[in-house]
1. For A133, state whether it is among the aliphatic types (A, V, I, L, M) and surrounded by 13 or more Cβ atoms within 10 Å (Cβ to Cβ).
2. Can you name the residue in segment 105-147 that is modelled with pLDDT under 95 and among the aromatic types (F, W, Y) and, of all such residues, is nearest to the chain's Cα centre (by Cα)?
3. Among the residues of segment 71-116, which ones are hydroxyl-bearing (S, T, Y) and more than 18 Å from I134 (Cα to Cα)?
Amino acid sequence: MSKSSDSRGSFRSGTSPAMLPPVPAPSQDARETQRWGPEDNSGRHHMTIGNVALVLFAVSTAAVGQVMLKHGMQAATSRASHSHGSLVISAATSPWVLLGLLVFAVSAVAWLAALSRVPLSVAYPFNALGYLAILTSSIVVLHERANVFTWLGSVLVVSGLVIVVLARP
């Protein structure tokens, strides 16, 4: 059989593009529902307040867990050096390290739940807020120092977050 073709692909002989039924264009409402609905064909999910809260919970618990781990490791290092014991044993028995690991595990579970509902390209930039939380906590809680360039870099990263989140695909 001979075939003829046009821009839509190949057709059997005897079938012309004029014989094909017209395909109606989707209405504006249908396009918006498909683009921003609960889930469209591309796997995108709707960013609800609950989804944003879940991502923020995952990011904030990760930041809290990191600060707890740092505090616990400082205490474990001090204890190990004073007793000439093992840092590994001192860290493994530190309540702050154990609690930090628990909080970090909770954040990992929350992150998995967030990823099941939110595109990674939207969720991951929220980690930039963790930079600010950890930077602020390291100064306030751990009494570390940060210079202007550290703050400037963190603000630039968070600005990128705002741009990514506000720029709808």
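The values are calculated or read from the model by the stated rules, or taken from the named source; none is laboratory data. Not measured: the values here are computed from a predicted model. In this analysis, Cβ positions are derived from the backbone assuming ideal geometry, glycine residues included, and neighbour counts consider all displayed protein chains.
1. Numbers: among the aliphatic types (A, V, I, L, M): yes; surrounded by 13 or more Cβ atoms within 10 Å (Cβ to Cβ): yes.
Criteria met by A133.
2. Ranking the qualifying residues of segment 105-147, first place goes to Y124.
3. Restricting attention to segment 71-116, the residues satisfying the condition of being hydroxyl-bearing (S, T, Y) are 77-78, 81, 83, 86, 90, 93-94, 107, 116.
Residues satisfying the conditions are T77, S78, S81, S83, S86, S90, T93, S94, S116.
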